[in-house]
1. Which numbered condition in (1) on the phi > 0 side of the Ramachandran plot; (2) surrounded by 10 or more Cβ atoms within 10 Å (Cβ to Cβ) is the only one that LEU16 fails?
2. Is it the case that ARG40 is at pLDDT below 95, surrounded by 10 or more Cβ atoms within 10 Å (Cβ to Cβ) and of a type outside the set (Phe, Trp, Tyr)?
3. At least 1 residues that are under 21 Å from the mean Cα position of the chain (by Cα) in each: list the helices (runs of 4 or more DSSP H) lying fully within the chain that qualify.
Amino acid sequence: MTSTTIKVTAELRDILKQQARGRGRTLNAHLQALADEESRRQRFDELKASRERYPPDDDYRAEAEEWLGAGWN
């Protein structure tokens with residue numbers, strides 16, 4: 001694995017190290033987890049925006065109600 005240096009404030013470095021230690025992972029693993037979480041959040045934001053641009057039509061709503069109606073509660 002190739003490594004690199006990123007410039008952050010000492011305060012941010014300490015926060016990230018403390019968070020990583022609290023999760024029982026290396027700083028590298030912690031940064032990867034943060035990047036993965038952000039990627040996931042972005043995908044869900046894109047999905048939400050798409051659903052807002054193209055909302056379900058009446059046929060979809062009727063079929064969903066049929067599937068998820070009182071029988072499933």
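The values are calculated or read from the model by the stated rules, or taken from the named source; none is laboratory data. Being a predicted model, the structure only gives us computed values, none of them experimental. Don't worry about glycine lacking a Cβ; one is built from the backbone with ideal geometry, like all the others, and counts go over all protein chains shown.
1. It fails just one condition, (1).
2. no
3. Counting at least 1 such residues, we get 10-23, 27-53.
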